[in-house]
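Beneath this line is the structure, given in structure tokens, with notes to follow.
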Amino acid sequence: MNRTSALTIAVSATALVLAGCSGSTEPAAAPTTTPSSSTTTTTEAPAPRPALDLSRFGALPPVPQPTTDTVSCSYPAESPAAKEVDAPATDNIDVFGNVDVTLSTNQGPIDITLDRTQAPCTVNSVVGLVQQGYFDGSPCHRLTTSPGLEVVQCGDPSGSGRGGPGYTFANEYPTTAYTDDPAQAENPVVYPRGTLAMANAGPDTNGSQFFLVYADSVLPPQYTVFGTISDSGLQTLDAIAAGGVTGGSEDGAPANPVIVESAA
């Protein structure tokens, strides 16, 4: 079963679905003009979009505090895997503590801190993938630069935007913060600069793909937040974003390819 990890941004009354580098969402070509007296085609850079008024959107909710020291997680199988790994343990998963990970990329290091309290099952999965070398040599296949959605997406060794680890797992925070009022989980909120979150193809389809927020972005709270990005890591991401998207689009492969050489 092919999975296309997607991020969804809601602006005003319009929802725009952005699928990660799938065949149906190739980056759009830059506008061209062809003078009537010549066959020469001149490519012009697209005009920058105005900044999004983030004050129109709410903030992420408070993180629910754990009521137990451990939880049980479920990781149902889903084939094929982009890279063969063992599924994570499912019992007695810690809900307290942080895990520091360095993504060493060809564009510079990106230090991240994983938060077990926010998302214990997600952190359990990511730590297992790091320990098995799943991310080593994998590309960050997607960069988005449009106002309101400014992220770098990584975690698929195939680079197709469809790959996963051979299993899935359920959404955690912030989705789980809306248990008493699920309808509120459809309202977009601001994922602030420095947020680390999971990409997915719909509710409870998390796998290995994640995105790094380098500028405040607006999304429905359906993307599990599981950590933060260091200041030095954000500098690396800023440099990647400054290089733009291949073909001049706002969504596609980074113009300067990004490879996670190792994660540890």
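The values are calculated or read from the model by the stated rules, or taken from the named source; none is laboratory data. Quantities reported herein were computed from a predicted structural model and do not represent experimental measurements. So basically every Cβ, Gly included, is an ideal-geometry build from the backbone, and we count neighbours across all protein chains shown. Just the protein is used for accessible areas: all its heavy atoms, side chains included, with ligands, DNA and RNA removed. Shrake-Rupley method; radii C 1.70, N 1.55, O 1.52, S 1.80 Å.
Tell me the relative contact order for the stretch 150-209 as a rounded percent, counting alpha carbon contacts under 8 Å between residues six or more apart.
Normalised by residue count, the contact order of the stretch 150-209 is 50 percent.
How big is the accessible area of VAL71 in square angstrom, nearest 10, if you roll a 1.4 angstrom probe over the protein chains?
40 Å²
VAL189's amide H: which non-local residues (gap 5+, or another chain) put their own amide H closer than 5 Å, with H modeled 1.01 Å from N in plane and none for Pro or chain starts?
LEU219
Which parts of the stretch 200-229 would a label at SER55 reach, counting a residue when its backbone N lies under 19 Å from a point 7 Å out along Cα-to-Cβ?
Residues passing the 19 Å test: 216-218.
Taking one equal scatterer on every alpha-carbon of the stretch 48-92, how large is log10 of I(q)/I(0) by Debye at q = 0.22, 0.23, 0.29 1/Å?
The Debye formula, applied to the Cα set alone, gives -0.87, -0.91, -1.16.
When a/c reaches 1.5 or more, the comparison of a/b and b/c decides; with that in mind, is the stretch 130-174 rounded, prolate or oblate per its Cα gyration tensor?
oblate
Quote the relative contact order of the stretch 111-217 in percent (integer), defining contacts as alpha-carbon pairs under 8 Å separated by 6+ residues.
Across the stretch 111-217, relative contact order equals 29 percent.
Is the C-alpha gyration tensor of the stretch 218-264 telling us rounded, prolate or oblate? Criteria: a/c under 1.5 is rounded; beyond that, a/b larger than b/c is prolate, otherwise oblate.
oblate
Could you derive backbone 3J(HN,Hα) for the stretch 233-250 from the dihedral phi with the Karplus parameters 6.51, -1.76 and 1.60 (θ = phi - 60°), listing whole Hz in sequence and x where the residue is Gly or Pro?
My calculation for the stretch 233-250 gives x, 5, 4, 4, 5, 4, 5, 4, 5, 5, x, x, 9, 3, x, x, 6, 9 Hz in order.
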